[in-house]
1. Hey, could you check the range 136-163 for residues that are over 19 Å from residue 80 (Cα atoms) and touching a Phe, Trp or Tyr at 6+ places or on another chain (Cβ under 7 Å) and say which is surrounded by the fewest Cβ atoms within 10 Å (Cβ to Cβ)?
2. Would it be correct to say that residue 92 is under 17 Å from residue 53 (Cβ atoms), modelled with pLDDT under 75 and surrounded by 11 or more Cβ atoms within 10 Å (Cβ to Cβ)?
3. Cβ-Cβ below 9 Å, separation at least six or inter-chain, first residue in the range 10-37 and touching a residue at least 40 places away in the same chain (Cβ under 8 Å), second exposed (fewer than 15 other Cβ atoms within 10 Å of the Cβ) and charged (D, E, K, R): which pairs?
4. Please list, ordered by first then second residue, the pairs with beta carbon atoms under 6 Å, 6 or more apart or interchain, first in the range 48-71 and outside the structural domain of residue 12 (by TED's automatic domain parsing) and without any contact (Cβ under 8 Å) to a residue 24 or more places away in the chain, second surrounded by fewer than 19 Cβ atoms within 10 Å (Cβ to Cβ) and among the aliphatic types (A, V, I, L, M).
5. With the structure loaded, tell me whether residue 97 is in the same structural domain as residue 172 (by TED's automatic domain parsing), farther than 19 Å from residue 155 by Cβ and at pLDDT below 85 or whether it fails that test.
6. Only residues that are of a type in the set (D, E, K, R) and surrounded by 16 or more Cβ atoms within 10 Å (Cβ to Cβ): list them for the range 171-181, please.
7. Scan the range 118-127 for residues that are of a type in the set (D, E, K, R) and surrounded by 12 or more Cβ atoms within 10 Å (Cβ to Cβ) and report the count.
8. Considering only the range 38-47, state which residues are out of contact with any Ser or Thr (no Cβ under 7 Å at 6 or more places or on another chain), in contact (Cβ under 8 Å) with a residue 12 or more places away in the chain and within 22 Å of residue 155 (Cβ to Cβ).
Amino acid sequence: MTEAAPAWLAEAQTGDPAAFDRLVRPLLGGLLALCRRLNGPSADELLQAGLIKAHRGLAGFRGDCSFRAWVVGILYRLATEPERFDPARPLPGQTPLEDGLVPDRLDCDPLAHVSARDLLHRVEEAMERLPVRQRTALHLRAVEGWDYSEIAGVLHTSTGAARMAVLNARRKLRDRMGEVL
């Protein structure tokens, strides 16, 4: 976050929707990627429900962790506790995300895209077979670049346990995809 982020946070906590947008907009790509990893076809709905919960609960954000970690924690709890999130049930005030807000893919060479898409599909299938805790830990570490203490905060566990979750996830992926990796 930038130096202006604390001011935006204070403004957002007082109910300024533009300040909340300025806080969330730089995080959307990573948040959507995590939601896709956690919830597949319902990723957009998970992200939307998480952002609504974050917006509504922002006044209670105490700053014990980064704003990013707090939002990821909300998404993780929604994805792992089915009673908190049902994509078929609309939330009050729910509106669709704006089209084009987060691009689905970047343009690239078509041949490279086909090969990369095949590999990505295989990796995604292997990731889907991981337990959600390991999948989340690996995504946050490998894709988002989070350190283990941040991951531990989201998973409500120790730093060592977060490290083990990432290690075990990597081992399982290597075992399942050894011929490709």
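The values are calculated or read from the model by the stated rules, or taken from the named source; none is laboratory data. Please read all numbers here as calculations on a predicted model, not as lab measurements. Backbone-built Cβ (ideal geometry, glycine too); neighbour counts: all protein chains shown.
1. At the first step, the residues of the range 136-163 found to be over 19 Å from residue 80 (Cα atoms) are 142-149, 159-160, 163.
Next cut, touching a Phe, Trp or Tyr at 6+ places or on another chain (Cβ under 7 Å) only: 159, 163.
Details: 159: 14, 163: 18.
Here the residue is 159.
2. Details: under 17 Å from residue 53 (Cβ atoms): yes; modelled with pLDDT under 75: yes; surrounded by 11 or more Cβ atoms within 10 Å (Cβ to Cβ): no.
Taking the combined requirement at face value, the residue does not satisfy it.
3. Cβ pairs passing all conditions: 12/21; 37/124; 37/128.
4. none
5. no
6. Just the residues of the range 171-181 that are of a type in the set (D, E, K, R), to begin with: 171-172, 174-176, 179.
Those that are of a type in the set (D, E, K, R) and surrounded by 16 or more Cβ atoms within 10 Å (Cβ to Cβ): 172, 176.
7. Residues meeting the conditions: 2.
8. Listed by number, the residues that qualify are 39, 40, 42, 46, 47.
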